[in-house]
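The values are calculated or read from the model by the stated rules, or taken from the named source; none is laboratory data. All values derive from a computational prediction rather than experimental measurement. Counting neighbours? That spans all protein chains shown, and the Cβs are built from the backbone with ideal geometry, glycine included. In case anyone asks, the SASA skips ligands and DNA or RNA and just uses the protein heavy atoms, side chains included. Shrake-Rupley method; radii C 1.70, N 1.55, O 1.52, S 1.80 Å.
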Amino acid sequence: MSFKDQILEGIPEQLPEQKPYDTEINHAPKRKAILSDQEEKLALKNALRYFDKKHHATLLPEFKNELDTYGRIYMYRLRPDYKMYARPIDEYPAKSKQAAGIMLMIQNNLDYAVAQHPHELITYGGNGGVFSNWAQYRLTMKYLAEMNDEQTLVMYSGHPMGLFPSHKEAPRVVVTNGMMIPNYSKPDDWEKYNALGVTQYGQMTAGSYMYIGPQGIVHGTAITVLNGFRKIGKSPKGNLFVTSGLGGMSGAQPKAGNIAGCITVCAEVNSKITKVRLDQGWIDEKITDLDELVSRVEHAKEKNETVSIAYLGNVVDVWEKFDEANVHIDLGSDQTSLHNPWAGGYYPVGLTFDEANDMMASDPVKFKEKVQEALRRHASAINKHTAKGTYFFDYGNAFLLEASRAGADVLSDGSELGREFKYPSYVQDIMGPMCFDYGFGPFRWVCASGKPEDLEKTDKIACDVLNKIMQNSPMEIQQQMADNIQWIEGAQKNKLVVGSQARILYADAEGRVKIAEAFNEAIKKGEIDEVILGRDHHDVSGTDSPYRETSNIYDGSRFTADMAIHNVIGDSFRGATWVSIHNGGGVGWGEVINGGFGMVLDGTNEASRRLKQMLFWDVNNGISRRSWARNEGAIFAIKRAMEAEPNLKVTLPNPVDDSLLEKI
């Protein structure tokens, strides 16, 4: 069967042959057994309902074996035979160009070069799923191929609920992931209900089909590292940044370190993902011996090198060894998947990778103890380095939160609201006040043709737009503009593309609208083919996350989630092609609500109208919330936005004299 025929087939009438388990692929760890006997039967019934009754007797023992062996029912038999990658948009069998764009993005999320565990439909973060099983994938792709521009596909935590009548201005797809009743949003609740097949963890851009590989976080990390060095008054050249994690998101760190110009040491316990990053050129060198690592870093410091080094082993050993050898660390952080600490997101020191994977499934109680013991050692080693002058920041992966829950020494002695920990979140001291408050965030686009030359043209268009805007930009955002122009000018040189022909840069509302409009005009003129717009949820207004995106909001509202909900509702009626809302992306299940969108630009006047009204809202919703929290940069930004748009009228906070409060 051709690719198009397989898409249109959906769930096949005749079952395909069983597929052997591919040991060369990076697979998800076995999930712990959490279901009762009765719940296991329910999970099997839930899986079988995708298939005609005539197949149930054949599939039942197979699905039971998957549940027993892996802790989940993935339906490996249904995995397609065709290669998984983002094809040019015209190769998809679709009645709707917008639907074809979504099909392209789904396949990009599952590309072997992009996805962390492609056979388990997990894009990044250890558990960030596009779907829960292959039947969901097949059925979703069939619906997208069949839908017209007066239908909307409803996605229910990976499950395609179906096509519903709507209208051309409505989103083509509405996505929800993990939207639990609040009292059922603990880590074990995810394990249970995901095993039952009734919900999933969509991370941020996995379950919303907007992941573009590690490039998506390289830019933010490069800005963070650059400004981390600015904060301590040092040049990156010849100075050391130590961190850990080379998975989907965290794989960006060594590349960002190279762009910033420092020495980067990034520890990783998984040999397969380390090899992938080495083969992709995202790390320069791999070292497996701690003494050799010390010697190599000292040499790099002496020669003022820019180099990224992967240490194949546990990061706790690195922090402790560098303390013992008196290797000075200038910047320190961590980007292991601590939102998922008990199921492969963080590996305890003292165990091999395989030993840890066995223990997390066979003895989860002991595994949790080992993880928490490692976190205490990790924090203790960091504290020794910071006493010597290291600047450490939490990189939004819940490191400080989970370390505090483990009893590690990370709480501040004189804590104040929003500053409970010894060390800041990178959003608190860098990204929040410098970028988010002014409306700068991760705007991204994908060239739907798949042509590298289209990406080159869009890079030039974006750079020209930014240079023009910068000529009249106020002083308050000149540094942000300069950093982004430098980034986009070097984007091709740094070979950031993994999977689709995609790009990311940080832009405010003005930049996003003008860049998007320039793209749409180029499409209209036939200079480039369609472009798919999106962003990371890690942005100005898409995410309510008290320990990351909204950690620099100090009016007590950082634990509320109104903004993310408003964001998605507002995007949906202002022209988004698809919208998504998730529980749990980035810092953990039950710890955050985040929303995203996708928009297909096709060169039409309708696309021009939609992009202007939607992108303006998508940014200024968040700026208004941040201004109400009395963030000075956001107050400046929302006043500027109101001057530019007469229909925007936002409630501004009145200042309060702190001396009045001291009298009560």
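In terms of solvent-accessible area of protein heavy atoms at a 1.4 angstrom probe, what is the ranking of SER362, SER295, highest value first? Please report the intermediate quantities before stating the final value.
Details: SER362 95, SER295 70 Å².
Correct descending sequence by accessible area is SER362, SER295.
Taking the Cβ of PRO452 as the centre, find all other residues whose Cβ is under 14 Å away and add up their charges (Lys, Arg: +1; Asp, Glu: -1).
On the way: positive: LYS451, LYS457, LYS460, LYS493, LYS495, ARG503; negative: GLU453, ASP454, GLU456, ASP459, ASP529.
Residues close to PRO452 contribute a combined charge of +1.
Semi-axes of the chain's equivalent ellipsoid from the Cα gyration tensor, sqrt of 5 times each eigenvalue, largest first, rounded to whole Å? Numbers along the way, then the final one.
Working: eigenvalues 248, 211, 119 Å².
They are 35, 32, 24 Å, listed largest first.
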Heavy atoms of HIS119 accessible to a 1.4 Å probe, total area in Å² rounded to 10: 0
Accessible surface, 1.4 Å probe, highest first, among residues ILE565, ILE635: ILE565, ILE635
With DNA, RNA and ligands ignored, accessible area of TRP342 (1.4 Å probe; Å², nearest 10): 50
The stretch 256-314: C-alpha gyration tensor shape, a/c 1.5 cut-off, then a/b vs b/c: oblate
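Hand me the trypsin sites (Lys or Arg not before Pro) from the stretch 437-539 located in a DSSP loop with no more than 16 other Cβ atoms within 10 Å, in residue order please. Write out the running numbers ahead of the final one.
Values: sites: ARG444, LYS457, LYS460, LYS468, LYS493, LYS495, ARG503, ARG512, LYS514, LYS524, LYS525, ARG535; in loops: LYS493, LYS495, LYS525.
Those satisfying the criteria are LYS493, LYS495, LYS525.
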Between the stretch 76-127 and the stretch 1-46, the alpha-carbon center distance in angstrom: 16
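Listed here are the pairs LYS422/LYS612; LYS237/LYS460; LYS30/LYS388; LYS255/LYS303; LYS53/LYS368; which of them are more than 31 Å apart at the Cα? List each step's numbers first, then the result.
Numbers: LYS422/LYS612 42 Å; LYS237/LYS460 28 Å; LYS30/LYS388 40 Å; LYS255/LYS303 20 Å; LYS53/LYS368 41 Å.
Beyond 31 Å: LYS422/LYS612; LYS30/LYS388; LYS53/LYS368.
For every other residue with a beta carbon closer than 13 angstrom to the beta carbon of ILE569, add +1 if it is Lys or Arg and -1 if Asp or Glu, then tell me the sum.
-2
Net charge within 12 Å of LEU648 by Cβ-Cβ distance, Lys/Arg positive one each and Asp/Glu negative one each, not counting LEU648 itself?
+1
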Of LYS457/LYS493; LYS457/LYS514; LYS451/LYS514, those spanning more than 20 Å from alpha-carbon to alpha-carbon: LYS451/LYS514
Global geometry of the stretch 90-139, whether rounded, prolate or oblate, following the gyration tensor of its Cα atoms and the 1.5 cut on a/c: prolate
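So if I place +1 on the C-beta of Lys and Arg and -1 on the C-beta of Asp and Glu, and nothing else carries charge, what would the dipole magnitude of the stretch 21-80 be about its Cα centre? I want it in debye, nearest 20. Before the final figure, lay out each step's value.
On the way: 12 positive and 9 negative charges, 44 e Å.
Charge dipole, the stretch 21-80, about its Cα centre: 220 debye, nearest 20.
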Cα-based reach from LYS286 at 13 Å (exclusive), listing aspartates and glutamates while leaving out same-chain residues under 8 positions away: GLU268
Solvent exposure, largest accessible area first (probe 1.4 Å, DNA, RNA and ligands not counted), of TYR193, TYR76: TYR193, TYR76
With every protein chain in place, the chain: carbon and sulfur % of accessible area (1.4 Å): 50
Cross-link reach list, aspartates and glutamates versus LYS272, counting only Cα pairs under 14 Å and skipping chain neighbours closer than eight places: ASP22, GLU24, ASP354
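Using the reciprocal of the averaged 1/r over all distinct C-alpha pairs, how large is the Kirkwood radius of the stretch 1-158 in Å?
Numbers: mean 1/r = 0.0606 Å⁻¹.
Mean inverse Cα-Cα distance, inverted, gives 16.5 Å.
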Candidate aspartates and glutamates for bridging to LYS525, where Cα separation is under 15 Å - those fewer than 8 sequence places away on the same chain excluded: ASP454, GLU517, ASP602
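With a probe of 1.4 Å, find how much accessible area the chain has per residue, and write the answer as a whole number in Å².
Values: 25330 Å² over 664 residues.
Per residue, the chain has an accessible area of 38 Å².
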Loop-located chymotrypsin sites (Phe, Trp or Tyr not before Pro) in the stretch 497-568, at most 13 other Cβ atoms within 10 Å (DSSP): PHE559
Tail weight of P(r) past 20 Å, computed on alpha-carbon pairs of the stretch 470-614, percent: 58
